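As C-alpha cells, the structure follows; a few thoughts come after it.
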C-alpha cells in the first residue's frame, strides 16, 4: 500500500477588469483681448475614431453582472488509493480508509484489531461496511516477535491505556492531515477480540467520546452494573455485539441485560458456526445492522440519503 500524500488545494481567483474609455476634444485658445469682441468661430471637430466599444446609453438601465457564488464546501477529497498510511507521533503508522469524494466533514470510525492481527485487515473489512461515508482509522499497535516473517508482521496492543494514548495521537494526526474533511465530534468505536476487550475499558472512561460501538468477539464481560451505569451517565448510547462463537453470544446477552437496565440500547448479532473472526458472515451481519448503530446520529445523514437513492433506482 503506497503512503498517502497530503491533498493540496489551489483555488483559482477570477479577476474582472473593466476598461473605461473617454474621448476629449481640444478647445481653440482664446483670442487676444480687444475692445471690440470678435465673433466666436464655430467649433469644427471630427468625430472620435471608433474604439469598437459601444458607448453606454445614459437613459438605459445597466444590467447587473451575473456571477456564480463560490461553493462554500471544501474541494472533494481525492486520493489515488482509498487506503493511506498516517504517521502517528511516538507510534507506528496507522492505516486510514478515506471517504473519497467527500465535500463535507465526515465522522471517524475507529477500528482496533485483535492480537496477532493487522490494521490493514481491519481497515479493509470496515471500508466494505461504511464505504465513503466515514474515515476508518486503524491504529497499529506494536509488532509481535513471533510474527511469521519480517514481511508478514502481526501486531498487538500492550494495554488499554497504551492503546488509548495511541488512539488520541492518531486522531490528532488525522485531523491535522485532513482539517477540512474530518469531523471533530465523537468517534464510533469498533474492536475485535483484544481491541474489543481493551476498548470496553476505554469506553467506560470516556463515554462522551465513544457513545456508539461495535464490539466483535470480545468486550462483553466489562458491562457489570457499575460500568454500565458510568457509561450511560457519561453519554453512552448504543452498542452492537457481534459473535461467531456460542460463548460470545451468551456473554453478550448477559451484557445487554445490564446495559438495558441503564438505558443503553444494545443487541447482539450471532453468526453461528463462524468462529473467532470478524470477516465473512460476521462482517455481513454487522453491515445489516450498522444503520441501527448510527440511526440517530445526524453526521450519517449522507449515508441514509445515499442508501435511499440507491434503493429507489
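FYI, it's all coordinate maths here, none of it is from the lab. Source: prediction; values computed, not measured. Counting neighbours? That spans all protein chains shown, and the Cβs are built from the backbone with ideal geometry, glycine included.
Going from the residue with the fewest nearby Cβ atoms within 10 Å to the one with the most, 215, 86 rank 86, 215.
This ranking places 155, 210 by how few other beta-carbon atoms lie within 10 Å of each, fewest first, which gives 155, 210. Averaging 1/r over each pair of different alpha-carbon atoms in region 184-313 and inverting the result gives 14.8 Å, the Kirkwood hydrodynamic radius. Among DSSP beta bridges whose residues both lie in region 83-312, state the antiparallel percentage, nearest 5. Within region 83-312, antiparallel bridges account for around 30 percent of the total. With a ≥ b ≥ c the root eigenvalues of the C-alpha gyration tensor of region 83-312, is it rounded (a/c under 1.5), prolate (a/b larger than b/c) or oblate? Rounded shape, in that the Cα axes give a/c under 1.5. Classify region 74-126 from the C-alpha gyration tensor, please: rounded if a/c falls under 1.5, else prolate or oblate depending on whether a/b exceeds b/c. The shape class here is prolate.
Counting only DSSP beta bridges with both residues in region 110-230, the antiparallel share comes to about 30 percent.
Rounded, prolate or oblate for region 180-254? Axes are the square roots of the Cα gyration tensor eigenvalues, ordered a ≥ b ≥ c, and the cut-off for rounded is a/c under 1.5. Present the calculation step by step, with values, prior to reporting the outcome.
Working: a/c = 2.39, a/b = 1.41, b/c = 1.69.
Taking the square roots of the gyration eigenvalues as a ≥ b ≥ c, region 180-254 is oblate.
Computed from the C-beta positions of residue 257 and residue 313, the FRET efficiency with R₀ = 51 Å rounds to 0.80.
Per-residue Cβ neighbour counts within 10 Å put 140, 304 in the sequence 304, 140, beginning with the fewest.
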